[in-house]
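Notes follow once the structure below has been shown.
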Amino acid sequence: MNYPQIVTREEWLNARKELLVKEKEATRARDRLNAERRRLPMVRIDKEYVFDGPKGKVSLLDLFDGRRQLIVYHFMFDPSWDKGCPGCTNLVDNIPGNIARLYEGDTSLVLVSRAPLAKLEPYKQQKNWTTPWFSSYGSDFNYDFEATVDSGEVPGVSVFLRDGEQIFHTYSTTGRGVDILLGTYNYLDLTPLGRQEEWEEALNRSATSV
């Protein structure tokens, strides 16, 4: 396995300072991007969506649970599958057990999948998850928000804002766009070995053995 080049402390400090400049640039760019995301125009949701939950049928408005904002994670679970997507499972494993801080921000977080609730509930219990999970089986919700496309299920996030009983769609992302929700990935990105996934850029510095 290749490791970073071994250098003196002074050489490391110089290299670290060079990287720090780029990190600060990236942080400022991310702040600007977040601000631009908040300024995105929004779309009023007039269509009625019905979901199956542990307490029966609920509406999109019900998913807010009285809060002003709603984050929906589109968990890949096709009705024909017996298990949820491994990648989505990893993401939900990364959700903090206590999401009270989200609630303090007047924001609810739920999972929505196309599989029937009868498949979701056993999987949720098996994983010991507490995040609310609802089935969109039989509705257009997944299709309308591009969580189900011609090629199949797609992981993604959709964000909604509530003003009274009016609901607005403000943001959606799919694929690598959900990386920001993966806490362990953010930790691993700080390490020399990274996420240890095939797509990652290989180390291109001189190899050394440890």
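The values are calculated or read from the model by the stated rules, or taken from the named source; none is laboratory data. These numbers were taken from a predicted model, which means no experiment stands behind them. FYI the Cβ positions are ideal-geometry reconstructions off the backbone, even for glycines, and counts take in every protein chain you see. Keep in mind that these areas ignore ligands, DNA and RNA; they rest on the heavy atoms of the full protein, side chains included. Shrake-Rupley method; radii C 1.70, N 1.55, O 1.52, S 1.80 Å.
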Among the residues of region 14-28, is there at least one that is open to solvent by less than 80 Å² (accessible area, probe 1.4 Å), farther than 30 Å from Ser113 by Cα and of a type in the set (Ser, Thr, Tyr)? yes
Given the residues Val110, Val7, which is the only one that is open to solvent by less than 80 Å² (accessible area, probe 1.4 Å), in contact with a helix residue (DSSP H, G or I) (Cβ under 9 Å, 6 or more places away or on another chain), more than 30 Å from Arg162 (Cα to Cα) and of a type in the set (A, V, I, L, M)? Val7
Taking region 124-155, which residues are of a type in the set (Phe, Trp, Tyr), assigned to a helix (DSSP H, G or I) and open to solvent by less than 20 Å² (accessible area, probe 1.4 Å)? Phe141
Quick check: is even one residue across region 68-77 charged (D, E, K, R), open to solvent by 70 Å² or more (accessible area, probe 1.4 Å), at negative phi and not in a strand (DSSP E or B)? yes
Taking the residues in region 158-180 that are touching a Gly at 6+ places or on another chain (Cβ under 7 Å) and in a strand (DSSP E or B) as candidates, determine which candidate is least open to solvent (accessible area, probe 1.4 Å). Thr173
In region 98-130, the residues that are free of Cβ contacts under 8 Å to residues at least 40 places away in the same chain and under 15 Å from the mean Cα position of the chain (by Cα): Ile99, Leu102, Leu109, Leu111, Ser113
Just the residues that are part of a loop (DSSP other than H, G, I, E, B) and not small (Gly, Ala, Ser), please, taken from region 97-123. Asn98, Ile99, Asp106, Arg114, Pro116
Where the second residue is in a helix (DSSP H, G or I) and modelled with pLDDT of 90 or more and the first is open to solvent by 80 Å² or more (accessible area, probe 1.4 Å) and lies in region 181-192, which pairs have Cβ atoms under 7 Å and are six or more apart or on separate chains? none
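Just to be sure before I move on: is Val58 within 19 Å of Ser172 (Cα to Cα) and either surrounded by 14 or more Cβ atoms within 10 Å (Cβ to Cβ) or touching a residue at least 24 places away in the same chain (Cβ under 8 Å) (or both) in the structure I sent?
Numbers: within 19 Å of Ser172 (Cα to Cα): no; either surrounded by 14 or more Cβ atoms within 10 Å (Cβ to Cβ) or touching a residue at least 24 places away in the same chain (Cβ under 8 Å) (or both): yes.
No; evaluated as a whole, the condition is false for this residue.
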